[in-house]
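So the structure is just underneath, and the comments pick up after that.
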Amino acid sequence: MTEEFEPKIVAFLCKWCSSAGSDLAGVSRMEYPSNVIPIQVLCSGSVSPLYILSAFNKGADGVLVSGCHPGDCHYIKGNYYSRRRIALLKELLNFIGLEPERFKMSWVSAAEGTKYTEVIKEFVDELKPLGAQTKLRRNG
Amino acid sequence: MVALEDLKQEAKNVLEGGTVKYIIGYKKPAVGFMAVPAFFHKPEDLDALVWDPTCVHNLVLFLKDEKKKKLGQKEPDERPVGIVVKGCDSRAVNVLLQENYIDRENVYILGVSCGKTGMVDLKKVRKYFKGKIISQIDFNENESFTVTTTEGKVEVPAADIFAVRCTECITASPVIHDVLLGGDSVRTPENPFGSLEEMESKSQGQKWDFWQEQLTKCIRCYACRSICPMCYCDECVVDTINFAVYPDTPAEEKAQKIKWVEKSPTTSENFIYHMVRAIHLAGRCVDCAECERACPMDIPLRFLNKKLEKESKKLFDYDVGYDTEIPSLISSFRDEDPEDFIR
Amino acid sequence: MEKILTKKALPQWLIKLNAYQIYAPVKKENHWSYEALDKPESIRLDHLNTIQSPKMIIFPQREVFFEFHNAEGNTLVMKEPASESSATVIFGVRPCDAAGVTHQDKVFDGHFKDLYYWKRRNQTILVGLACNTPPSPHCFCLSVGGSPHSTAGFDILMTELEDSYYVESFSKKGDTLISLAGDIFSTPKENDKKDKEKAHSDSEKKLKRHIKDLETVPPKLKDMFDSPLWEEESLSCIQCGICTYLCPTCHCFDINDEKDSSSPLSGKRVRTWDNCQFPDFTMHSSGHNPRPDRASRLRQRIMHKFNYFVTNYKAYQCTGCGRCIDKCPVGIDIIEVLEKVRDYGK
């Protein structure tokens, strides 16, 4: 029996919404895959493209950036900046041939524990058939 | 078409009158035919000034040095620097103005129009004139160049030897200038992003194979970064010391600084470097393609920047280097920005 | 040993050398580069200057010294990487590039012997090709003590004649290469020798670029440390690494520990090229930079090649290959700079 591939996901979660949403999923005892390495950031707008590239470089099979819904940003407009930047990075990574499924963005509010688990479940399901990410990985 | 004598006269006027401290322009090299950047401090030096289709360099790059030099001086000469600027280069001036890196009164812009053609691509010229010794290339009124070799003069259709970026150019004459030579020249290329199409139509696997081969060649000489007028950061993520160190910076802090990219020119590290550079130039790159020209390893770097230029236009309707009053691409947003990719 | 090899028989010779790793110049779309040769019949020896010299094979840009990881009980385990290098033949090397190798030899054979370098160097056999026509418009080897048919550093030098190569061997390694395919070589006749000598003397006349009285430059440089010339000449320098990375003689390097992506407790100690034109090359940890500007970095490049190296090793650290002139994106020309130094104050 071959062991099923378990993708490693690095998730940049904003402190005010998505991270709180993941906490809610946790304290509510919702079940979701344990493939995520969460990194709390102050705002999705603070996620530099370099963080994302670096996560791939250090062996992430998928990267998720998650922030507050538009209009809900604790810093008023951080998530709008993020939306623009991530759109560009997504196009760039697609252009150089990285599978577009490996890089995701989501809006998850502090009340959406259920949505958080759904996002992760979907992401894991999409990553499993792709196998390990070796393209951008150091020594990969 | 720009008359060289007019350009020299304009340059002389401002240098003699003391309006500018010096002029950045082009001159002939000691050997060969491709013009090189030149710094003219005295009016009599200006006899060496040239303007022809080999003036490929984006001289706006040297405004970075000027700014850094001025910062180090106690009583700097506040007069502007004269600079010869093509259409594409003029948009680079605009981006620097938009980002408040320079002030309008820091530069005196001698705008030159490329007319119906543009700049030659040295690789194409070498291929076309295999083994022949070229002494001069000149503009013509029509869409061709006159090339002088040891065997005489020949007229060459521009399309055969000029740079790909010039076929996609929409600003053949400067959009900002103090004097404009050669008149306004409007160009409407059929497909301003045509060179990207072949690449975009490839499968993910083919795209990866292409870029893996190309970027693995990189020897990390950083010529692409160094020649870029937009790469003016004091600290760059790829440098071994990528943060400001002061005499009182404690050792622990130095030791704990993150090393984002290793010095090894391996595929993974080269990708980080080139991806970061491309993203940093989104909404700032004016497609002067100097990075690609400078690259000693023939990596088609322009593609990366052109792709992001295309997406900025498509997704955010953003044009680079025309309006100095609008906020830059990634420090602004619109409510209607696309978010169909977000879950 | 002197032999004649017909041009047609060249691939046959290479087939006989199958025990060696062979590198040869390969034509790419816009340039030539040294690559491992898998099909001997595809060999072409009409190459122009390759982008990088064979330095990239003997002294590669990245070299792993050892690997380390933290084993059980918090003990550090170090391991040398499996030796991947085997006996190597580099084919079609130009005399300037072989001269570059001899300069590297001097540096790595000094007070400290660089074992990593010598391990590779001792396994390398250089088979050269004399330049009947200059492979770059900027060749100036004659001015820096070389020549288009110099034998320095070579195990074998080939000279192209009408439809054959005149093959000269200068070492035991070279003799072995020839003896491996002994039957396809013939003995040179008197007129072959004459043809070779004519090709050699003709080739010298074809060089386009020269520096007169270069020998006056090193003593002059000793008093030019504070000269304003460096500022003037470096105005357009962008401080990239092209001139030094492509140079067949530049040998500066850096050593770093690279952590593996998976764990901070394992990694490699790696040597990579470094470069005196980068601003951070001389940066002190205090934040002070003794070479703070373009002028001081250009000065360093010229001083090292034509002053310090001459003092230390009695040779110019330049072989006249012309790469730095050809590839400089802003047209800085080392010949022009040296001429200005020579004529400075006259």
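Please treat every number below as a calculation from the coordinates, not as lab data. None of the values given here were measured: they were computed from a predicted structure. Note that each Cβ is placed from the backbone with ideal geometry, even for glycine, and that neighbours are counted across all protein chains shown.
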Task: DSSP-defined beta bridges in the protein assembly as shown - what % are antiparallel, rounded to 5 - done: 60
Task: Point-charge dipole on Cβ atoms (K/R +1, D/E -1) for chain B, about Cα centre, debye to 20 - done: 1160
Task: Charge-dipole axis of the range A:9-130 as Lys and Arg at +1 and Asp and Glu at -1 on Cβ define it, positive-most pick from A:LEU93, A:TYR51, A:THR114 - done: A:TYR51
Open item on the list: Straight-line reach from C:LYS113: which aspartates and glutamates fall under 16 Å, measuring Cα to Cα and dropping same-chain residues less than 8 apart?
Closed with: C:ASP105
TODO: Would you grab the residues whose amide H sits under 5 Å from the one on B:LEU181? Only those 5+ places off in sequence or on another chain, please, with H modelled 1.01 Å from N.
DONE: B:GLY111, B:VAL112, B:SER113
Open item on the list: If I model the range B:1-189 as equal point scatterers sitting on the Cα atoms and use the Debye formula, what is log10 I(q)/I(0) at q = 0.08 Å⁻¹?
Closed with: -0.26
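Tell me what the protein assembly as shown gives for mean residue ellipticity at 222 nm when only DSSP H runs of n ≥ 4 count, each as -39,500 (n - 2.57), the sum divided by the residue total, rounded to 500 deg cm²/dmol.
-9000 deg cm²/dmol
Please express the shape of chain A as an equivalent ellipsoid: the semi-axes are the square roots of 5 times the eigenvalues of the C-alpha gyration tensor, given largest first in whole angstrom.
Over the Cα atoms of chain A, the semi-axes work out to 24, 20, 11 Å.
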Task: DSSP beta bridge pairing in the range C:54-194, given as percent antiparallel to the nearest 5 - done: 60
Open item on the list: I need the P(r) histogram for chain C: all alpha carbon pairs, bin width 10 Å from 0 out to the longest distance, whole percents.
Closed with: 5, 22, 30, 24, 14, 5, 1, 0
Open item on the list: Using a Cα-Cα cut-off of under 12 Å, which aspartates and glutamates could be cross-linked to A:LYS15, ignoring same-chain neighbours fewer than 8 residues away?
Closed with: A:ASP23
- [ ] Specify which residue in the list C:HIS210, C:LEU229, C:GLY241 is farthest towards the positive end of the charge dipole of the range C:192-247, using unit charges on the beta carbon of Lys, Arg (+1) and Asp, Glu (-1), about the Cα centre.
- [x] C:HIS210
- [ ] Could you pull out every one of the aspartates and glutamates with an alpha carbon less than 16 Å from that of C:LYS79, ignoring same-chain neighbours closer than 8 positions?
- [x] C:GLU63, C:GLU67, C:ASP257, C:GLU258, C:ASP260
Task: Electrostatic dipole magnitude of the range C:2-205 [Cβ: Lys, Arg +1; Asp, Glu -1; Cα centre; debye, to 20] - done: 80
Open item on the list: Between C:THR133 and B:GLU5, what is the label-point separation in nm under the 7 Å Cα-to-beta-carbon projection?
Closed with: 4.0
Open item on the list: Please give me the summed charge of the neighbours of C:ARG301: other residues whose Cβ is under 12 Å from its Cβ, Lys and Arg +1, Asp and Glu -1.
Closed with: +4
Open item on the list: Mean-square fluctuation check for chain C, GNM, Cα pairs under 10 Å: which of C:LYS193, C:LYS55, C:LYS305 is largest?
Closed with: C:LYS193
Task: Order of C:ASP183, C:ASP175 under a 10 Å beta carbon neighbour criterion, fewest first - done: C:ASP183, C:ASP175
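DSSP loop (so not H, G, I, E, B), at most 11 other Cβ within 10 Å: list which GluC sites (Glu not before Pro) in the range C:157-246 pass both filters. Mind showing how you got there, number by number?
Values: sites: C:GLU160, C:GLU162, C:GLU168, C:GLU190, C:GLU197, C:GLU204, C:GLU215, C:GLU231, C:GLU232, C:GLU233; in loops: C:GLU162.
Those that pass, being in a loop and sparsely packed, are C:GLU162.
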- [ ] Could you line up B:PHE145, B:PHE193, C:PHE112 from fewest to most neighbouring Cβ atoms inside 10 Å?
- [x] C:PHE112, B:PHE193, B:PHE145
- [ ] Given the options B:HIS57, B:HIS280, B:HIS177, state which has the largest fluctuation in a GNM of chain B using a 10 Å cut-off (strictly under) for Cα springs.
- [x] B:HIS280
- [ ] May I ask you to derive the relative contact order of chain C, considering only C-alpha pairs under 8 Å and at least 6 residues apart, and to give it as an integer percent?
- [x] 22
Task: Among the listed pairs B:LYS27/C:LYS340; B:LYS69/C:LYS259; B:LYS217/C:LYS8; A:LYS90/A:LYS135, those beyond 26 Å (Cα-Cα) - done: B:LYS69/C:LYS259; B:LYS217/C:LYS8
- [ ] Filter the GluC sites (Glu not before Pro) in the range B:299-343 to those in DSSP coil with at most 14 other Cβ atoms within 10 Å of their Cβ, and list the result.
- [x] B:GLU325, B:GLU336
TODO: Could you list the trypsin sites (Lys or Arg not before Pro) in the range B:124-203 that lie in coil according to DSSP, counting only those with at most 16 other Cβ atoms within 10 Å of their Cβ?
DONE: B:LYS130, B:LYS132, B:LYS202
Task: the protein assembly as shown: radius of gyration over Cα atoms, expressed as a fraction of 2.2 N^0.38 Å - done: 1.02
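Counting Lys and Arg as +1 and Asp and Glu as -1, each charge on the Cβ, what is the dipole of the protein assembly as shown about the Cα centre in debye, to the nearest 20? Before the final figure, lay out the partial values.
Values: 110 positive and 118 negative charges, 384 e Å.
Roughly 1840 debye, rounded to the nearest 20.
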- [ ] Note down the nm distance, to one decimal, between modelled labels 7 Å out along Cα→Cβ at B:ARG126 and at C:GLU162.
- [x] 3.3
- [ ] Find, to one decimal place in angstroms, the Kirkwood hydrodynamic radius of the range C:259-340, where the mean of 1/r is taken over every pair of different Cα atoms and then inverted.
- [x] 15.6
TODO: Would you work out which of B:ALA35, C:THR187, C:HIS304 lies farthest towards the positive end of the dipole of the protein assembly as shown, given +1 charges on the beta-carbon of Lys and Arg and -1 on that of Asp and Glu, about the Cα centre?
DONE: C:THR187
Open item on the list: Could you identify which residue out of C:PRO329, C:PRO228, C:PRO95 has the top mean-square fluctuation in a GNM of chain C using Cα springs shorter than 10 Å?
Closed with: C:PRO228
